[in-house]
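The values are calculated or read from the model by the stated rules, or taken from the named source; none is laboratory data. Bear in mind the structure is a predicted one, so any value in this text is a computation, not a measurement. Because the Cβ atoms are built from the backbone with ideal geometry, glycine has one as well, and the counts that use them run over all protein chains shown. What goes into the accessible areas is simple: the full protein's heavy atoms, side chains included, and nothing from ligands, DNA or RNA. Shrake-Rupley method; radii C 1.70, N 1.55, O 1.52, S 1.80 Å.
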Amino acid sequence: AQSVTQPDIHITVSEGASLELRCNYSYGATPYLFWYVQSPGQGLQLLLKYFSGDTLVQGIKGFEAEFKRSQSSFNLRKPSVHWSDAAEYFCAVLYNFNKFYFGSGTKLNVKP
Amino acid sequence: EAGVTQFPSHSVIEKGQTVTLRCDPISGHDNLYWYRRVMGKEIKFLLHFVKESKQDESGMPNNRFLAERTGGTYSTLKVQPAELEDSGVYFCASSQEVAGANVLTFGAGSRLTVL
């Protein structure tokens, strides 16, 4: 069965510090992987996606993610966090080209 | 380009009442999806329309939920009668197929609170 695990419910980092949000998936075939972000009062915004090719993908707002098939992981990273990055982040895998399975989300707090 | 619009943003109703949520997708997007997030849990798929047809409704919890997309434009999701466990945030998303995989654009969600 398809599933996505985000083991960290809450993470707090200081502004300017680096960030890594973890995501592990369970999926039988080659996955299509996504990271979405939701800021308060906003919809889910696509940060980046992996379909194939280079396993390190770049996204918007300075985020990147690395697909590691051997670890079934797709961790999200940012070298230097800004206060505006405080939000909730969701990892997702696309099944059968149409159905998304999401993780339960990681809430990011940024300390000044 | 206008995004995906959902209405209402928040609805508070009593158990047993009826609520209708509306979603206006991005113009020209044939694919429309409903997802739901119960507090603190993952966002779960409810159903998928292609134009006015239900492509996949395997995620609909029970027959108290009815989704429609008349004319293939906006969609409504009606909950009748509402139960406490229906509380959550209902997201709508739309897409056009891109490279064999659909990249979804989500609305801001409709928060439903059932008392």
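Right, B:L84: farther than 30 Å from A:Y50 by Cβ and in contact with a strand residue (DSSP E or B) (Cβ under 7 Å, 6 or more places away or on another chain) or not? Can you show your working first?
On the way: farther than 30 Å from A:Y50 by Cβ: yes; in contact with a strand residue (DSSP E or B) (Cβ under 7 Å, 6 or more places away or on another chain): yes.
Judged against the criteria, B:L84 is a match.
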Region B:22-61, subset of a type in the set (G, A, S) and within 10 Å of chain A (Cβ to nearest Cβ), residue most open to solvent (accessible area, probe 1.4 Å): B:S58
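Out of everything in region A:70-102 that is of a type in the set (G, A, S) and over 9 Å from the mean Cα position of the chain (by Cα), what residue ends up being farthest from the other protein chains (Cβ to nearest Cβ)? Can you show your working first?
Going through region A:70-102, the residues of a type in the set (G, A, S) turn out to be A:70, A:72-73, A:80, A:84, A:86-87, A:92.
Remaining after also requiring over 9 Å from the mean Cα position of the chain (by Cα): A:70, A:72-73, A:80, A:84, A:86-87.
Values: A:S70: 23, A:S72: 17, A:S73: 17, A:S80: 27, A:S84: 18, A:A86: 17, A:A87: 13 Å.
Applying the filter and picking the extreme gives A:S80.
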Region B:100-110 - residue that is modelled with pLDDT of 90 or more and assigned to a loop (DSSP other than H, G, I, E, B) and, of those, surrounded by the fewest Cβ atoms within 10 Å (Cβ to Cβ): B:A108
Failed item in (1) in contact with a Lys or Arg (Cβ under 6 Å, 6 or more places away or on another chain); (2) at pLDDT below 95, with A:R69 passing the rest: (1)
The lone exception for B:P8 - which of (1) within 25 Å of B:S53 (Cβ to Cβ); (2) modelled with pLDDT of 95 or more it fails: (1)
Count of region B:63-78 residues which are among the β-branched types (V, I, T) and within 11 Å of the chain's Cα centre (by Cα): 1
Members of region B:1-21 that are open to solvent by 30 Å² or more (accessible area, probe 1.4 Å) and either aliphatic (A, V, I, L, M) or without any contact (Cβ under 8 Å) to a residue 12 or more places away in the chain (or both): B:A2, B:V12
Breaking point among (1) open to solvent by 10 Å² or more (accessible area, probe 1.4 Å); (2) touching a residue at least 60 places away in the same chain (Cβ under 8 Å); (3) in a loop (DSSP other than H, G, I, E, B); (4) out of contact with any Pro (no Cβ under 9 Å at 6 or more places or on another chain), for B:T113: (3)
Filter pass, A:V110 being open to solvent by less than 10 Å² (accessible area, probe 1.4 Å) and in contact with a helix residue (DSSP H, G or I) (Cβ under 9 Å, 6 or more places away or on another chain): no
Filter result (surrounded by 19 or more Cβ atoms within 10 Å (Cβ to Cβ) and not in a loop (DSSP other than H, G, I, E, B)) within region A:51-74: A:V57, A:A65, A:F67, A:F74
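Quick grid of which residues meet (1) surrounded by 16 or more Cβ atoms within 10 Å (Cβ to Cβ); (2) closer than 25 Å to B:I26 by Cβ; (3) among the aliphatic types (A, V, I, L, M):
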| site | (1), (2), (3) |
| --- | --- |
| A:P7 | no, no, no |
| A:S14 | no, no, no |
| A:L19 | yes, no, yes |
| A:C23 | yes, no, no |
| A:G28 | no, no, no |
| A:P31 | yes, no, no |
| A:S39 | no, yes, no |
